[in-house]
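Undergrad: Pasting a structure here, questions to come.
The values are calculated or read from the model by the stated rules, or taken from the named source; none is laboratory data. Please read these numbers as outputs of a predicted model, since none were measured by experiment. With ideal geometry, Cβ positions are generated from the backbone for all residues, glycine too; neighbour counts draw on all protein chains shown. Side chains included, ligands, DNA and RNA excluded: accessible areas come from the protein's heavy atoms. Shrake-Rupley method; radii C 1.70, N 1.55, O 1.52, S 1.80 Å.
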Amino acid sequence: MPEPLLPAVSRRAVLGSLGALAVVPLLGACGPESTGPGGEATPTSGGAIVLGRGDEIASFDPYNHASGNFPMLNTLYSYLIRYTADYQPIPDIAERWTIAEDRRSMTIELRETTFHDGSPLTADDIVTGVKRAKDPGTGLSQTSSTSFIESATAAGARTVKLTFGDAVNEDRIFDFMAWFPVVQGKANQPDSLKKTPAGCGPYALESYQPGNELVLRRFEHYWEPDRPYLDTVTFRFLGSKDSAVVALEAGDVDGALALDGRHYARLKDRFDIVTGAPGALIVQFSMNVNLPPFDNKYVRQALARAINRDRMVEQVQFGVGQAVYSIFPPGSPAFDKTYLDSAGFDLQAAKAPLDKASGVSLKASCVINQIAEYNARNLEIMQEDLASIGFELTIDAKDAAGAAETYQSGKAQCYMGASSNSFRGATGMTSNTAFRLANNPMLKDNVPAAYRAAVAKADAAIEPAAVTTATKELTEVIMDECFAVGVYTLEQPSAISREFHGYDRMVADHPLLTQTYRTA
Amino acid sequence: MRAYVIRRLGQFIPVLLLATIIVWAMLFALPGSPAQVLAGEDATPEQIAAIEARYGLDQPVWLQYLTWLGHLFQGDWGTSLVNGHAVAQLIGDRLPATAQLAVLAMALTLVIAVPLGIAVGLHPRSWYGRLTNGFLATGLAAPTFWIGLLLILLLSVKLNWLPAASRFVPFWESPVGALRHTILPALAIALHASTVTARFVASSLSEVMHRDFIRTARAKGASEGTVLRRHALRNALVPTITVVGLQLGSLLGGAVVTEVVFAYPGLGRLLFTAIDGRDFSLIQGSVLVVIAIFIVLNLLVDVLYAFLDPRIRFD
């Protein structure tokens, strides 16, 4: 016997849900982003596309959001909802939802659809998924975004009821829904998903050769009528972005994904370019508050003002990207562009706090992952500027695993790397290592009290005005503490052959191929 | 000879064991863990610890090694920590690709190296001898990846004749397809490897041409072609076999850089990816195969030596 829907339902939630319903027919007409190469040609079904990438998938587990896994996230899997480019929710597997007036629970009505093996999607699949997500041992990227959920139960064959410990604002709820992958319950374990996917996305697995290629075939029973258009999608893992570019130029692949800014000028006249989403990757400079000289806040504030973001975007990313002051990307409700001036590059302003930090050794070593070569170029610019105000910065380049270990162990004085913040809510960024409240390698037990309080206040804010105020205060605290500083958005462009139309990507840069078709 | 071969085979297992110990020790000396790779970029220490416990990565290094070795003796090469596929299958899938590339690269190497070596060996001071020497010096100095990039730019990007990103097309399924996808990386290897081989051919030939038996052959009225083919080359190529054998061994072990440049799905690229992801069992399995191939080829070269030159006795 299914439980009745919650009696207390907010007007906003109902309107949101109805508004979302109204968007459903639009799904067939446009993707969630409008930046993809458009075309006037009539979409036709059939055909194949081959896309080259530098990195390769680690597993078929959508709970692992490693950038290598991006190709399979929105192809093999569907999510409860999707975000438009400006973070507006539109239904995906969640056909309708209602949030209780007191914001302590919600009910989700699932679409009638099947997994790739033909078994029907049920509420139990979502319940199993939430349970796994909340398990710190297996939940991977999902653990943080489901932390506010107290319990998940099946209230019907396709009705899920979620209860929350405290009242939760709408942004956090939508962030959970947008990033919650729908996985078949019986297969929702890390070991099982290593080799075999278990999703209900627009494409099903045809074959996979580790280190070589992933071939997907159109899922005949995908819920969206007449989608996807293409019969097969092949991702070729080519080892490097340069190899992907050359393969595109040689005609070996139809598209090269997640490239660098330096490739943009080379390809833009011959291929359609889809720039990366601003929040998908943001270059950050993190400083370890537990190690000198960054245990001194003045030093951190000084270095934050000595980052010439515009020069880095221009010279390192060839103009592709936007300067940011923190982890909030342009387009995010939390982004406040006035900080670009008030906290922007100013060596005189950087020198002032440095002068206050008397007796501190003005030298530090910055760990980077050498594979992402932009890190070294950015730091070379910083080195030059910092040297002019008496600070000596050295670069400690390591391979990916070595850099990650040094960073995570808290042994790095400072670290430059890119991480994502594709969340609508301001506190979504606390799932990002540099901004975590617990197990933060750069903060450890020294999480600034003001930061902790500001996050709690933003989490507790329910009404829009309160959310705005809390977000503003949170930003002020982050800017004052300066333990992690935004540099620029790493908008990795993708280049697609002009024979194709409708290639798109999610706000987190996952390739979206539901609307992609080949012209006759 | 038989005793020599048996003795060498007897050294096979200890050498392999020693190699696995060294590789294992080096792996654990490297910073970074596979659990970090598996957990994702923003994993918490708690999540990493859970993964380490699940895969036994929290055990002492020596215990992990002995566990791996125990499984190996039972024919179980383990599974990739990263993608869960059987290591034996992953290596088995890549070996034919690497073998095909190695054989074609060696064939091209010999096709290029032997004529050039003869040219330099016979007439080192002629204009073409000097020209060839210049080519050999340039080729020797040019790294394989650089040659590969130039070939890609010219033949793939500019002329669109050959693919820049190679696939493995088995020769027995499609000879044309196989050549199309393998010729470019093979040529990149051959252009570099042939310079080494050609120098060996040249120096051996130059030395042999001054030996008494060559003078005798000429005195008996043999033509220069016969002297070269029947007497000089047969003797000059014996030391060349050593270098060709070693080159083939290293190619069968995976031409790592070339396979990466051409995105060729061979053993070298598999090993490169495994090291990058700290995929311990896959690294160990791959290295084991590479070393085994090298040892066997070395032995084969030695045996071939004895067959080609009956004066050589290993006993």
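Undergrad: About the Cα centre of region A:104-247, what is the dipole size in debye to 20, counting +1 per Lys and Arg Cβ and -1 per Asp and Glu Cβ, all else neutral?
TA: Around 280 debye, computed over region A:104-247.
Undergrad: Let me ask something else. If you average over every viewing direction, what projected area does the convex hull of the Cα atoms of chain B give, in nm²? Show your work: numbers first, answer last.
TA: Working: hull surface 84.0 nm².
One quarter of the hull surface, i.e. the mean projection, equals 21.0 nm².
Undergrad: Here's something else I'd like to know. Return the distance in nm (one decimal) between the two label points of a simple spin-label model at residue A:362 and residue A:167, each offset 7 Å from Cα along Cα→Cβ.
TA: 5.0
Undergrad: Next question, about the same structure. Which of rounded, prolate or oblate describes region B:48-134 when judged by the alpha-carbon gyration tensor and an a/c cut-off of 1.5? Each step should come with its number before you reach the end.
TA: Details: a/c = 4.21, a/b = 3.38, b/c = 1.25.
Prolate.
Undergrad: Identify the GluC sites (Glu not before Pro) of region A:174-249 meeting these criteria: DSSP loop state and at most 13 other C-beta atoms within 10 Å of the C-beta. It would help to have the intermediate numbers written out before the result.
TA: Values: sites: A:206, A:213, A:220, A:249; in loops: A:220.
Within region A:174-249, the qualifying GluC sites (Glu not before Pro) (loop, at most 13 other Cβ atoms within 10 Å) are A:220.
Undergrad: Any idea what angle helix B:267-276 forms with the longest principal axis of chain B, computed on alpha-carbon atoms, 0 to 90 degrees, nearest 10?
TA: Approximately 40 degrees, to the nearest 10.
Undergrad: Would you mind getting the Kirkwood hydrodynamic radius of region A:334-474 from its Cα pairs, rounded to one decimal in Å?
TA: Values: mean 1/r = 0.0577 Å⁻¹.
This gives a value of 17.3 Å.
Undergrad: Out of the chymotrypsin sites (Phe, Trp or Tyr not before Pro) in region B:139-212, which ones are loop residues according to DSSP with at most 11 other C-beta atoms within 10 Å?
TA: Working: sites: B:145, B:146, B:161, B:168, B:171, B:172, B:200; in loops: B:161, B:168, B:171, B:172.
Those satisfying the criteria are B:172.
Undergrad: Checking understanding here: applying a Kyte-Doolittle mean of at least 1.0 and a length along the axis of at least 15 Å (C-alpha), which whole DSSP H helices in chain A pass? Could you put the intermediate results ahead of the total?
TA: Details: long enough: A:11-27 (24 Å, 1.46); A:123-134 (17 Å, -0.32); A:374-388 (22 Å, -0.67); A:449-460 (16 Å, 0.30); A:464-481 (25 Å, 0.09).
What comes out of the filter, once short or polar helices are dropped, is A:11-27.
Undergrad: For chain B, modelled as a GNM with alpha-carbon contacts under 10 angstrom, which of B:226, B:79, B:195 fluctuates the most?
TA: Of B:226, B:79, B:195, the most mobile in the Gaussian network model is B:226.
Undergrad: Quote the FRET efficiency, to the nearest 0.05, computed for residue A:117 versus residue B:6 with a Förster distance R0 of 41 Å and r equal to the Cβ-Cβ distance. Write out the running numbers ahead of the final one.
TA: On the way: r = 55 Å, r/R0 = 1.33.
E between residue A:117 and residue B:6, to the nearest 0.05, is 0.15.
Undergrad: Based on Cα coordinates alone, diagonalise the gyration tensor for region A:399-442, multiply each eigenvalue by 5, take square roots, and list the semi-axes in whole Å, largest first.
TA: 21, 12, 7
Undergrad: Label residue A:456 and residue B:89 with points 7 Å out from Cα along Cα→Cβ: what is the distance between them in nm?
TA: According to this spin-label approximation, the distance is 5.1 nm.
Undergrad: Right, another one. Answer rounded, prolate or oblate for region A:171-327, using the Cα gyration tensor with square roots of eigenvalues a ≥ b ≥ c: rounded when a/c is under 1.5, else prolate when a/b is larger than b/c, else oblate. Please report the intermediate quantities before stating the final value.
TA: On the way: a/c = 2.31, a/b = 1.46, b/c = 1.58.
Note, shape of region A:171-327 comes out oblate.
Undergrad: Next question. As an exercise, use a Förster radius of 41 Å and the Cβ-Cβ distance of residue B:30 and residue A:269 to find the FRET efficiency, rounded to the nearest 0.05. Working shown, then result.
TA: Values: r = 43 Å, r/R0 = 1.05.
Efficiency, rounded to the nearest 0.05: 0.45.
Undergrad: Just B:18, B:297, B:27 to compare: in a GNM of chain B, with alpha carbon springs under 10 Å, which one fluctuates most?
TA: B:18
Undergrad: To test your reading of the geometry: what angle, between 0 and 90 degrees and rounded to tens, separates the Cα axis of helix B:175-208 from the longest principal axis of chain B?
TA: 50
Undergrad: So, one more: Using 0.36 nm per residue of separation minus the Cα-Cα distance, give me the extension gain between residue B:66 and residue B:15 in nm, one decimal. Could the numbers behind the result be given before it?
TA: Details: separation 51, 0.36 × 51 = 18.36 nm, distance 1.67 nm.
My answer for the length gained is 16.7 nm.
Undergrad: To the nearest 500 deg cm²/dmol, what mean residue ellipticity at 222 nm is calculated for chain A from DSSP H runs of n ≥ 4 alone, each contributing -39,500 (n - 2.57), summed and divided by the residues?
TA: Helix contribution divided over all residues of chain A: -8500 deg cm²/dmol.
Undergrad: Now a separate question. Would you work out the charge dipole size for chain A about its Cα centre, treating the Cβ of every Lys and Arg as +1 and the Cβ of every Asp and Glu as -1, and quote it to the nearest 20 debye? Please report the intermediate quantities before stating the final value.
TA: Values: 47 positive and 62 negative charges, 118 e Å.
That gives chain A a dipole magnitude of about 560 debye.
Undergrad: Further question: How many angstrom separate the Cα center of region B:163-178 from the Cα center of region B:1-79?
TA: Answer, in whole Å: 33.
Undergrad: On to the next question. With every protein chain in place, what's the accessible area of residue A:345 (1.4 Å probe, Å², nearest 10)?
TA: Accessible surface of residue A:345 is approximately 80 Å².
Undergrad: Can you give me the C-alpha center-to-center distance between region A:310-344 and region A:476-493, rounded to a whole angstrom?
TA: Between the Cα centres of region A:310-344 and region A:476-493 lies a distance of 8 Å.
Undergrad: What Kirkwood Rh does the protein assembly as shown have if only Cα atoms enter the pairwise 1/r average? Answer in Å. Can you show the working numbers first?
TA: Details: mean 1/r = 0.0338 Å⁻¹.
With all distinct Cα pairs of the protein assembly as shown included, I get 29.6 Å.
Undergrad: For residue A:293, what charge total do you get from the other residues with a beta carbon under 10 Å from its beta carbon, if Lys and Arg give +1 and Asp and Glu give -1? Present the calculation step by step, with values, prior to reporting the outcome.
TA: Details: positive: A:300, A:363; negative: A:295.
Around residue A:293, the charge tally is +1.
Undergrad: Net charge near residue A:63, counting Lys/Arg +1 and Asp/Glu -1 over other residues with Cβ under 11 Å of its Cβ? Mind dumping the intermediate values first?
TA: Numbers: positive: A:132; negative: A:61, A:135.
The answer is -1.
Undergrad: How far apart, in nanometres, would the label points at residue A:341 and residue B:22 be if each is projected 7 angstrom from Cα along the Cα-to-Cβ direction?
TA: So the label points at residue A:341 and residue B:22 sit 6.4 nm apart.
Undergrad: Let me ask something else. To the nearest 20 Debye, how big is the dipole of region A:156-216 about its Cα centre, given +1 on the beta carbon of each Lys and Arg and -1 on that of each Asp and Glu? Write down the numbers at each step before the final one.
TA: On the way: 6 positive and 7 negative charges, 65 e Å.
So the magnitude is around 320 debye.
Undergrad: Here's something else I'd like to know. Can you spot the lysines whose alpha carbon is less than 21 Å from residue A:472's alpha carbon? Ignore those fewer than 8 places along the same chain.
TA: Counting by Cα, and skipping residues close in sequence, residue A:472 has these lysines nearby: A:297, A:337, A:457.
Undergrad: If you project the alpha carbons of region A:291-417 onto the principal axes, what extent comes out on each, in Å, largest first?
TA: So the three principal-axis extents are 38, 37, 26 Å.
Undergrad: Pull up the cross-link candidates among the aspartates and glutamates for residue A:363, meaning alpha carbon to alpha carbon under 17 Å and not fewer than 8 places away within one chain.
TA: The reachable aspartates and glutamates, counting only those whose Cα sits under 17 Å from residue A:363, are A:295, A:355, A:380, A:384, A:385, A:392, A:396.
Undergrad: If you take the charge dipole of the protein assembly as shown about its Cα centre, with +1 on Lys and Arg Cβ and -1 on Asp and Glu Cβ, which of A:97, B:82, B:123 is farthest toward its positive end?
TA: The one lying farthest along the dipole's positive direction is B:123.
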